[in-house]
Amino acid sequence: MNRSAESGSPAVHAGEKSTVRGYLRVIRAIVWKDLAAELRSREMMSAMLVFALLVVIIFNFALELDVRTRENATAGVLWVTFAFAGTLGLNRSIAIEKDRGCLDGLLLAPIDRSALYFGKVMSNLLFMLAVEAVIFPLYSVLYNVNLFVPGLLLVVFLGSWGYVAVGTLLAAMTVQTRTRDVLLPILLFPVVLPVLVPALKASDAYLQGLEMPAIMPWLNLLIVYDVIFTALAFMGFDYIVEE
Amino acid sequence: MEPMPKALKVLNWLTGALFLAALYLSLFFAPREAVMGDVQRVFYFHVAAGWVGALAFLVAAAAGVLLLIRREHRWDGVALASVEIGVVFTFINIVSGSIWARPIWNTWWTWDPRLVTATIMELIYLAYLLLREGVEDPDRRARFAAVYSILGFLTVPLTFLSIRIFRTIHPVVVGSGDPTATGAFDMSPRMRVAFFFSLLTFTFVYATLLWHRLRLYRLSEKLDTLKIKLLS
């Protein structure tokens with residue numbers, strides 16, 4: 001919160017908030033605030049990372065990965081790991097805002113509510129990409145597969161975007177319910193499946209080295225659902241945070 | 001207790017009569033399917049239940065949009081009633097499909113895209129009901145439920161299209177799909193009559209149930225305000 005007051009204050013000057021530059025500046029201020037808070041406490045990233053690593057290790061025992069099945073299961077293991085670690089981060093990222101009345105503070109600020117939504121999406125996306133950036137080389141070393149395929153990186157980005165776009169909205173919703181922590185995955189996973197399934201299929205196709213015609217339908221579906229979910233969540237966010 | 005409106009009474013009897021007729025049409029009037037035998041008759045109610053599920057979720061999403069725009073609380077009642085009915089009929093759809101699949105596909109369940117997407121649809125609306133449980137403030141509950149029902153509805157078209165965009169063994173009977181799917185068949189004119197009559201009947205069943213559920217919703221709201229009045 002302090003951070004946002006320092007670096008975000010120019011954005012809230014009257015007259016500027018309606019311009020695109022002002023809007024972007026608000027988003028940047030919110031992202032910066034989240035990053036600064038995380039850099040000081042490191043509680044979210046460390047929890048997400050350790051959890052993600054544990055999921056990867058448990059899969060090793062669950063699937064008794066020999067070389068063949070390991071190659072076939074890679075995309076699945078990766079996306080399950082990201083999805084699980086993602087809910088942890090999403091829950092935390094909104095709970096932090098809620099706990100000490102920070103969310104009320106943000107809502108009181110004379111900024112566009114949608115800028116608040118996009119700011120939270122951006123910072124959640126950054127946290128998720130950071131976890132993925134650590135898991136990728138680790139997984140490559142542990143299981144001896146090369147994950148650094150350009151196409152796969154694009155799919156991971158698009159999949160994470162769709163996941164976070166819906167996840168941020170639903171986290172803002174579940175944080176205000178009685179059963180806040182358990183409710184998020186139950187609400188999120190079935191809804192976000194149209195993003196996770198094509199992301200998983202496309203990742204698998206890239207890892208198997210398939211040709212573009214086999215991958216394109218999945219990429220298209222992924223992009224279409226990214227756009228739809230982002231638009232809908234952006235419209236719905238206002239109704240979620242209003243009192 | 002307000003008396004039941006006359007139109008609703010008429011609708012009750014009409015729906016009952018239609019249902020009996022639909023039973024007759026699908027059990028006796030429609031011919032025995034040549035390859036699958038009598039188990040194919042499940043098809044008439046299976047598709048009709050699936051149709052009601054999708055329709056109910058569409059109505060819930062539309063009620064959600066109306067609630068958010070107009071801010072009228074009654075749309076929350078429509079959405080809740082519709083989702084409850086949709087959950088029950090989607091369940092009937094899944095179970096009846098399973099009963100059909102046992103002799104035809106030789107398994108109760110297979111991880112076919114259509115089956116999975118239908119199940120996910122069911123899970124979304126079970127989550128919807130859980131979400132409602134978790135919020136006490138009625139205004140907020142209505143808003144949250146509305147947003148979630150709109151988000152959730154995005155997977156319903158995916159369910160409908162799943163047998164058309166993915167490779168699947170689920171037969172596409174209406175709008176000619178892959179005839180090689182296990183269990184695909186061409187409808188004879190009599191079958192078509194039974195099929196469309198079932199769809200119509202189930203739509204009436206949906207409307208009747210929705211009306212009853214709405215009355216129940218209003219009565220329970222009335223009860224709540226009376227309770228508050230009594231306690232204060």
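The values are calculated or read from the model by the stated rules, or taken from the named source; none is laboratory data. Please read these numbers as outputs of a predicted model, since none were measured by experiment. A quick note on method: Cβ atoms are made from the backbone with ideal geometry, for glycine too, and the neighbour counts reach across all protein chains shown.
Restricting to region A:29-73, give me the number of residues that are without any contact (Cβ under 8 Å) to a residue 12 or more places away in the chain, assigned to a helix (DSSP H, G or I) and within 26 Å of residue A:125 (Cβ to Cβ).
Adding up the residues that qualify gives 8.
For residues in region B:123-139 being more than 7 Å from chain A (Cβ to nearest Cβ) and in a helix (DSSP H, G or I), which is nearest to the chain's Cα centre (by Cα)?
Once the filter is applied, the top-ranked residue is B:125.
Name the single residue that is nearest to residue B:115 (Cα to Cα) among those in region B:2-15 being touching a helix residue (DSSP H, G or I) at 6+ places or on another chain (Cβ under 9 Å) and in a helix (DSSP H, G or I).
B:15
Hey, does region A:103-112 have a residue that's within 26 Å of residue A:216 (Cβ to Cβ), away from every other protein chain (no Cβ under 14 Å), crowded, with 21+ Cβ neighbours inside 10 Å and not charged (D, E, K, R)?
no
With A:198, A:190 as the choices, which residue is buried (at least 16 other Cβ atoms within 10 Å of the Cβ), touching a Leu at 6+ places or on another chain (Cβ under 9 Å) and within 9 Å of chain B (Cβ to nearest Cβ)?
Of the residues listed, the single one that is buried (at least 16 other Cβ atoms within 10 Å of the Cβ), touching a Leu at 6+ places or on another chain (Cβ under 9 Å) and within 9 Å of chain B (Cβ to nearest Cβ) is A:190.
Being surrounded by fewer than 21 Cβ atoms within 10 Å (Cβ to Cβ) and either more than 10 Å from chain B (Cβ to nearest Cβ) or not in a helix (DSSP H, G or I) (or both) is the filter; apply it to region A:216-226 and report the residue that is nearest to the chain's Cα centre (by Cα).
A:223
Say we look at region A:1-28 and pick out the residues that are touching a Gly at 6+ places or on another chain (Cβ under 9 Å) and not in a helix (DSSP H, G or I); which of these is modelled with the lowest pLDDT?
Looking at residues that are touching a Gly at 6+ places or on another chain (Cβ under 9 Å) and not in a helix (DSSP H, G or I), I get A:1.
Checking residue B:95 against (1) of a type outside the set (Lys, Arg); (2) assigned to a helix (DSSP H, G or I); (3) closer than 29 Å to residue B:43 by Cα; (4) in contact (Cβ under 8 Å) with a residue 12 or more places away in the chain, which test does it fail?
(4)
Out of A:171, A:133, A:165, report the one residue that is more than 12 Å from the chain's Cα centre (by Cα) and either within 14 Å of another protein chain (Cβ to nearest Cβ) or assigned to a helix (DSSP H, G or I) (or both).
Values: A:171 fails: more than 12 Å from the chain's Cα centre (by Cα); A:165 fails: more than 12 Å from the chain's Cα centre (by Cα).
Exactly one residue qualifies, and that residue is A:133.
I'd like the full set of residues that are among the aliphatic types (A, V, I, L, M) and not in a helix (DSSP H, G or I), limited to region A:136-153.
Matches in region A:136-153: A:145, A:147, A:149.
Could you tell me whether residue A:203 is within 14 Å of residue A:75 (Cβ to Cβ), hydroxyl-bearing (Ser, Thr, Tyr) and more than 12 Å from chain B (Cβ to nearest Cβ)?
So residue A:203 passes the test.
Restricting to region A:171-187, give me the number of residues that are in contact (Cβ under 8 Å) with a residue 60 or more places away in the chain and either closer than 24 Å to residue A:104 by Cβ or of a type in the set (D, E, K, R) (or both).
Pass one, region A:171-187, residues in contact (Cβ under 8 Å) with a residue 60 or more places away in the chain: A:171-176, A:180-181, A:184-185.
When the remaining residues are screened for being either closer than 24 Å to residue A:104 by Cβ or of a type in the set (D, E, K, R) (or both), the result is A:171-176, A:180-181, A:184.
Going through region A:171-187 one residue at a time, the tally reaches 9.
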